[in-house]
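Laboratory data are not the source of any read-out in this text; all were calculated from the coordinates shown. As the structure is a prediction and not an experimental result, all values here were calculated from the model. A quick note on method: Cβ atoms are made from the backbone with ideal geometry, for glycine too, and the neighbour counts reach across all protein chains shown.
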Amino acid sequence: MMVLVSYDVSTTDAKGKGRLRKVAKECQNYGQRVQNSLFEVDVDYGTFLKVKDNLLKLIDESNDSIRFYYLGNNWKHRVEHYGAKSTYDPEGVLII
């Protein structure tokens, strides 16, 4: 299932900057950055619940926010991309 993860972490203090790095790193572990604070995460439901739980533990809900947009398994018909940054296929061939 494809989920868009969007976050806004307050960086007015050192703790906020640390939270921002941790949130970004957690998202990078499971998804692809498509904008500064927006990741496409294509995982099974069980893995998504783990990612969501980890992210919610990292943020400070009084200063930060995080949003999850559920695009499901038929996401290719729901996403259009235009512009400079090239798109990718998370279900395509992975070369390491």
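A few points about this structure:
- Placing pseudo-labels 7 Å out from each Cα toward the beta carbon at residue 44 and residue 15 gives an inter-label distance of 3.7 nm.
- FRET efficiency for the pair residue 56 and residue 36, taken as 1/(1 + (r/R0)^6) with r the Cβ-Cβ distance and R0 = 22 Å, rounds to 0.60.
- Calculated FRET efficiency, residue 6 to residue 74, Cβ-Cβ distance, R0 = 30 Å: about 0.90 to the nearest 0.05.
- Among the GluC sites (Glu not before Pro) in segment 1-83, those placed in a DSSP loop whose Cβ has at most 15 other Cβ atoms within 10 Å are 61, 80.
- Size estimate for segment 2-74 follows the Kirkwood approach: the inverse of mean 1/r over distinct Cα pairs works out to 12.3 Å.
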